[in-house]
Structure formats: C-alpha cells, structure tokens
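Data block below; observations after.
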Amino acid sequence: MERLVLEAGVEPAKVHRIAIGVDTARFQAKTNESGAQARQKYGLPQSAVVIGSFQKDGVGWAEGLEPKLVKGPDVFLSTIGRLKDQIPEIFVFLSGPARGYVASGLEEMGVPFRHHFAANYDELSHMYHALDLYLVTSRDEGGPKAVLEAMASGVPLVTTRVGQAVDLVDHGKNAWIVDVEDIEALTHWARHALSDTYDRKAAAAAARRTAEQHDLFAQIPQWRAFFAGYVA
C-alpha cells in the first residue's frame with residue numbers, strides 16, 4: 001500500500017507506515033511452566049509438537065467450509081501434511097472463526113487438533129504459551145497481528161512473505177520468512193525452528209525485542225507525527 005500511494009504521487013513526507021502493534025504487557029514470554037499450564041488447560045498433550053494457527057481463514061462467519069484462499073488454509077494443510085510425515089507426534093491448535101475447511105482437512109489427514117475460540121484477547125495471549133511453533137501461510141495480509149503476538153510470546157514463527165512480516169522478520173534471527181506458497185520452504189524452516197540446531201534463547205530474545213519496539217506505547221511518537229497538523 002505504501003508503494004502504491006507513493007507511485008500515485010503523494011508526497012513522501014505525508015506518508016506514514018506504522019505497524020499493527022502489540023501489547024507486550026499482555027503478551028508475555030512463555031516459560032516451561034506457563035507452557036505446561038496452558039496445555040493442561042486446553043487439553044493438549046504435553047509431549048506433542050503443537051503448531052498454532054489463530055486466524056479466520058474460511059469464507060463468511062459460519063462453519064467456514066469454503067476456504068478463503070488469500071489466507072492460505074490450503075497451504076497450511078499441505079505444510080502440516082508434510083510435517084506429519086516427519087514429526088511422530090504432531091498436534092494442531094486452532095482458534096478463530098470459520099475454521100471448518102482446515103478442521104476437515106486435518107481430520108482427513110488424521111492429524112489431531114483442537115479448535116478453541118478464545119473468549120477474549122487476554123485468553124488468546126495465554127493460548128500462545130501452549131505452542132511450539134506458529135505458522136503463517138497467507139498469500140496476502142495487512143498484518144497479520146500474529147507476527148508480533150508470537151514474537152512477544154517467545155514462540156518460534158515461520159511466515160510467508162506477506163504484510164508487515166516483510167518489515168519485521170529478520171530471517172534466522174527473530175523468525176523465518178519464505179516466499180508465498182513455498183510449501184517446501186515452510187516445511188524446512190518449520191523443522192529447523194523446532195530443532196535444537198540454533199540458539200533458541202537468543203532467537204526468542206531477538207523476537208521479544210522486535211515486539212517491544214512495536215509495542216502500542218512505543219508507537220506513540222509515530223502516531224503523534226502522523227496527527228501533527230491535524231490535531232492540536
């Protein structure tokens with residue numbers, strides 16, 4: 001959108017790009033204890049590799065059996081299908097409305113999952129603590145919010161090159177980013193993110209720093225600059 005606005009002839013000084021921020025006071029970094037508690041609360045196996053997807057990716061607001069392809073639910077299922085063959089005990093944790101297409105696909109593949117609709121935003125922040133990995137497989141995005149939410153929560157993130165992920169992800173440092181529809185790369189970096197072949201504490205710390213740089217309160221100067229001249 002920034003590129004389109006600039007190409008339309010708007011003066012660069014009038015264009016402001018502000019990330020969809022995150023409340024880092026609400027989204028705290030997970031610990032071994034908080035992770036175990038979250039899994040117990042939501043009935044998730046303690047020993048499983050739990051992969052999260054907390055977005056709406058079905059058409060409409062009903063069951064969502066028709067996929068909203070811009071969100072990449074078909075790509076998500078294909079990636080999980082490959083990971084299923086490589087990870088003995090895999091479990092998918094879903095949230096959000098209209099997840100019927102993904103739920104049906106997981107059932108067909110024989111991948112165990114749980115779909116829990118978060119009662120509020122505070123509960124969603126705790127749900128991240130149950131995860132070993134968060135996957136974004138979208139074809140296009142404005143955000144998604146999950147990029148900074150996962151980073152703030154200390155959950156490894158693998159995302160396609162969409163939305164603000166392009167600006168926020170430093171590949172291999174705070175998360176991993178791949179081309180849209182690249183199922184092979186999604187699978188590869190998901191396996192890497194779940195492995196012990198890198199410094200997981202350093203990656204989590206870098207992700208947390210990124211989230212803190214885009215905390216809602218840290219963005220106040222950006223919004224002040226945006227409204228300058230319009231609001232006294």
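The values are calculated or read from the model by the stated rules, or taken from the named source; none is laboratory data. All figures in this text were calculated on a predicted structure; none of them were measured in a lab. Cβ atoms come from the backbone with ideal geometry, glycine included; neighbour counts cover every protein chain shown.
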**OP:** Could you give me the residue pairs with C-beta distances under 7 Å whose first residue belongs to the range 45-65 and is on the phi > 0 side of the Ramachandran plot, whose second residue is surrounded by 15 or more Cβ atoms within 10 Å (Cβ to Cβ) and part of a loop (DSSP other than H, G, I, E, B) wherever it lies, and which are 6+ apart or on separate chains?
**Re:** G60/A98; G64/P97; G64/A98; G64/R99
Original post:
In the range 23-34, is there at least one residue being farther than 18 Å from S138 by Cβ, loosely packed, with under 12 Cβ neighbours inside 10 Å, in contact with a strand residue (DSSP E or B) (Cβ under 9 Å, 6 or more places away or on another chain) and not β-branched (V, I, T)?
Top reply: yes
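If a residue has to be under 16 Å from the mean Cα position of the chain (by Cα) and not β-branched (V, I, T) to count, how many in the range 32-56 make the cut?
Narrowing the range 32-56 to residues under 16 Å from the mean Cα position of the chain (by Cα): 50-56.
Applying the additional criterion that residues be not β-branched (V, I, T) yields 52-56.
Residues meeting the conditions: 5.
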**OP:** List every residue pair whose Cβ atoms lie under 6 Å apart, where the two residues are 6 or more positions apart in sequence or sit on different chains, the first residue falls within the range 168-195 and is under 19 Å from E141 (Cβ atoms) and without any contact (Cβ under 8 Å) to a residue 24 or more places away in the chain, and the second residue, located anywhere, is of a type in the set (A, V, I, L, M, F, W, C) and in a loop (DSSP other than H, G, I, E, B).
**Re:** I177/V169
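Which members of the range 1-19 meet the condition of being buried (at least 16 other Cβ atoms within 10 Å of the Cβ) and modelled with pLDDT of 95 or more?
Here is the first cut: in the range 1-19, the residues buried (at least 16 other Cβ atoms within 10 Å of the Cβ) are 19.
Passing the criteria: none in range.
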Original post:
What do you reckon, is K71 among the basic types (K, R) and buried (at least 21 other Cβ atoms within 10 Å of the Cβ)?
Top reply: yes
**OP:** May I ask you to verify whether G100 is at pLDDT 95 or above, out of contact with any helix residue (DSSP H, G or I) (no Cβ under 7 Å at 6 or more places or on another chain), of a type in the set (G, A, S) and at positive phi?
**Re:** no
Original post:
With respect to A202, is the statement that it is at pLDDT 95 or above, assigned to a helix (DSSP H, G or I) and touching a strand residue (DSSP E or B) at 6+ places or on another chain (Cβ under 6 Å) true?
Top reply: no
Original post:
Restricted to the range 196-232, and to residues that are surrounded by 17 or more Cβ atoms within 10 Å (Cβ to Cβ) and charged (D, E, K, R), which residue is nearest to the chain's Cα centre (by Cα)?
Top reply: R208
